[in-house]
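Only one structure is covered here, and it is reproduced in the block below.
The values are calculated or read from the model by the stated rules, or taken from the named source; none is laboratory data. Just so you know, these numbers come straight off a predicted model, no measurement behind them. Every residue, glycine as well, gets a Cβ built from its backbone with ideal geometry; the counts of neighbours run over all protein chains shown. We work out accessible area using only protein heavy atoms, side chains counted, and drop any ligands, DNA or RNA first. Shrake-Rupley method; radii C 1.70, N 1.55, O 1.52, S 1.80 Å.
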Amino acid sequence: MSTRVNPVMPHGSTAERPFDVVVTPENAGWSYSGLRILDLAVGSRAKFMTGDDEMLVLPLSGGCDVTCDDERMTLTGRRSVFTRVTDFAYLPRDSTVTVRAPNGGRFALPAARATRRLPFRYGAAEDVAVELRGAGQASRQVNNFCTPERFEADRLIACEVLTPGGNWSSYPPHKHDEQGEGESALEEIYYFEVAAAPSGTAGSAYQRVYGHADRPIEVCAEVRTGDVVLIPYGWHGPSMAAPGYDLYYLNVMAGPGEREWLVRDDPAHGWVRGSWNGVPVDPRLPLTSRNERTRS
């Protein structure tokens with residue numbers, strides 16, 4: 001990653017019509033991972049090319065119709081990332097795509113530079129593996145919708161993490177920047193959404209990233225809905241949810257090696273996992289499931 005690229009990208013700082021957020025290998029200063037966020041008004045649509053990337057259409061709020069070349073599918077979507085696990089669509093590289101939202105909505109397009117052209121496919125919410133990780137105040141929920149074991153892709157790996165207010169996730173700090181036994185080399189994007197207060201006041205959270213002696217990076221950033229943090233290398237975590245404000249983030253990863261998600265804990269903090277023995281998972285989890293919650 002170029003040292004000239006700021007790893008913290010506030011909402012709107014990379015906007016290019018029709019997208020609110022645009023992260024490409026070129027503007028990130030790396031080679032594989034990308035993300036776009038599409039915010040559509042009622043009845044509007046957006047047309048784009050996938051080019052060298054494989055992509056997903058992942059509803060963050062609302063549903064949509066997705067047309068890829070001459071094929072079409074409908075995504076049910078959800079009211080928000082805090083109400084339900086969603087269905088999604090896989091988009092092949094070298095495709096022409098139109099996303100139409102009859103009732104409006106916001107949609108994430110995780111992406112990775114791909115060499116294979118796989119078919120346009122539907123990912124059902126019922127097939128998403130919902131995993132609870134950690135224990136106590138390090139408890140979080142992981143929706144494994146496009147991980148290597150759950151959904152086929154060329155390079156793209158993507159999942160959602162939901163952290164109850166007051167908890168830490170992406171913890172203990174870990175890395176995946178070297179290809180070798182027990183570790184993959186993966187560029188990673190964190191896209192954040194933070195639940196609002198009952199009054200509607202916007203919430204915030206915090207993200208930590210730190211590097212090696214020979215590969216410095218130093219981030220301890222306040223993040224809000226729509227913000228992005230890039231992780232080209234180094235230890236990352238924790239992701240800290242402020243008390244009272246549930247935290248969502250979308251992880252997008254890709255790299256040069258085999259499609260594996262292998263991480264290495266920071267040896268200074270890996271002992272924390274042993275302290276979870278006998279400690280229950282936060283009873284607030286899971287925050288979402290395949291069934292719609294009544295609270296947004």
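What residue, of VAL23, VAL8, is open to solvent by 10 Å² or more (accessible area, probe 1.4 Å), in contact (Cβ under 8 Å) with a residue 40 or more places away in the chain and of a type in the set (Val, Ile, Thr)?
Answer to the check: VAL8.
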Among the residues of segment 205-215, is any open to solvent by less than 60 Å² (accessible area, probe 1.4 Å), assigned to a helix (DSSP H, G or I), farther than 14 Å from THR163 by Cβ and not aromatic (Phe, Trp, Tyr)? no
Would you mention how many residues in segment 227-278 are touching a Gly at 6+ places or on another chain (Cβ under 7 Å) and open to solvent by 50 Å² or more (accessible area, probe 1.4 Å)? 5
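For segment 111-157, which residues satisfy the criterion of being of a type in the set (Val, Ile, Thr) and either under 24 Å from GLY257 (Cβ atoms) or part of a strand (DSSP E or B) (or both)? Steps first, please.
As a first pass, look at segment 111-157 and keep what is of a type in the set (Val, Ile, Thr): 115, 128, 130, 142, 147, 157.
Result: THR115, VAL130, VAL142, THR147, ILE157.
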What single numbered condition from (1) outside any loop (DSSP other than H, G, I, E, B); (2) touching a Ser or Thr at 6+ places or on another chain (Cβ under 7 Å) fails to hold for GLU260? (1)
Exception for ALA205 within (1) under 20 Å from HIS11 (Cα atoms); (2) of a type in the set (Gly, Ala, Ser); (3) touching a strand residue (DSSP E or B) at 6+ places or on another chain (Cβ under 6 Å); (4) touching a residue at least 60 places away in the same chain (Cβ under 8 Å) falls at (4)
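Among PRO238, PRO256, which is over 23 Å from VAL57 (Cβ atoms) and under 16 Å from the mean Cα position of the chain (by Cα)? Outline the logic, then answer.
Values: PRO256 fails: under 16 Å from the mean Cα position of the chain (by Cα).
Only one candidate passes the filter, namely PRO238.
Only one residue in ASP94, ASP154, ASP87 is open to solvent by 30 Å² or more (accessible area, probe 1.4 Å) and either farther than 29 Å from ASN277 by Cα or without any contact (Cβ under 8 Å) to a residue 12 or more places away in the chain (or both), so which one is that?
Just a single option satisfies the conditions, and that option is ASP94.
Is it the case that ARG140 is open to solvent by 30 Å² or more (accessible area, probe 1.4 Å) and touching a residue at least 24 places away in the same chain (Cβ under 8 Å)? Step through it out loud before you land on a result.
Working: open to solvent by 30 Å² or more (accessible area, probe 1.4 Å): no; touching a residue at least 24 places away in the same chain (Cβ under 8 Å): yes.
Answer is no for this residue.
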With the requirement that a residue be open to solvent by less than 60 Å² (accessible area, probe 1.4 Å), modelled with pLDDT of 95 or more and not in a strand (DSSP E or B), what does segment 280-296 give you? ASP282, LEU285, LEU287, THR288
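Does PRO172 fit the bill of being touching a residue at least 60 places away in the same chain (Cβ under 8 Å) and in contact with a His (Cβ under 6 Å, 6 or more places away or on another chain)? Reasoning before the result, please.
Numbers: touching a residue at least 60 places away in the same chain (Cβ under 8 Å): yes; in contact with a His (Cβ under 6 Å, 6 or more places away or on another chain): yes.
Here the answer is yes, as PRO172 does meet what is asked.
Would you be able to say whether some residue in segment 45-60 is over 24 Å from PRO119 (Cβ atoms) and assigned to a strand (DSSP E or B)? Can you show your working first?
Of the residues in segment 45-60, the ones over 24 Å from PRO119 (Cβ atoms) are 60.
Among the residues that remain, those that are also assigned to a strand (DSSP E or B) are: 60.
Checked segment 45-60: at least one residue is over 24 Å from PRO119 (Cβ atoms) and assigned to a strand (DSSP E or B).
Restricting the search to segment 86-103, which residues are part of a loop (DSSP other than H, G, I, E, B) and under 22 Å from VAL228 (Cβ atoms)?
Our first condition is that a residue be part of a loop (DSSP other than H, G, I, E, B); within segment 86-103, this holds for 86-87, 92-95, 102-103.
Residue satisfying the conditions is THR86 alone.
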Residues (of a type outside the set (Asp, Glu), part of a loop (DSSP other than H, G, I, E, B), more than 14 Å from GLU188 (Cβ to Cβ) and out of contact with any His (no Cβ under 6 Å at 6 or more places or on another chain)) located in segment 217-255: ARG224, THR225, ALA242, PRO243, GLY244, TYR245
Exclusive hit being modelled with pLDDT of 95 or more, open to solvent by less than 10 Å² (accessible area, probe 1.4 Å), over 20 Å from ALA242 (Cβ atoms) and not hydrophobic (A, V, I, L, M, F, W, C), set PRO173, PRO110: PRO110
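Which residue, of ARG72, ARG36, is touching a residue at least 60 places away in the same chain (Cβ under 8 Å), open to solvent by 20 Å² or more (accessible area, probe 1.4 Å) and part of a strand (DSSP E or B)? Reasoning before the result, please.
Working: ARG72 fails: touching a residue at least 60 places away in the same chain (Cβ under 8 Å).
Criteria check complete, one pass: ARG36.
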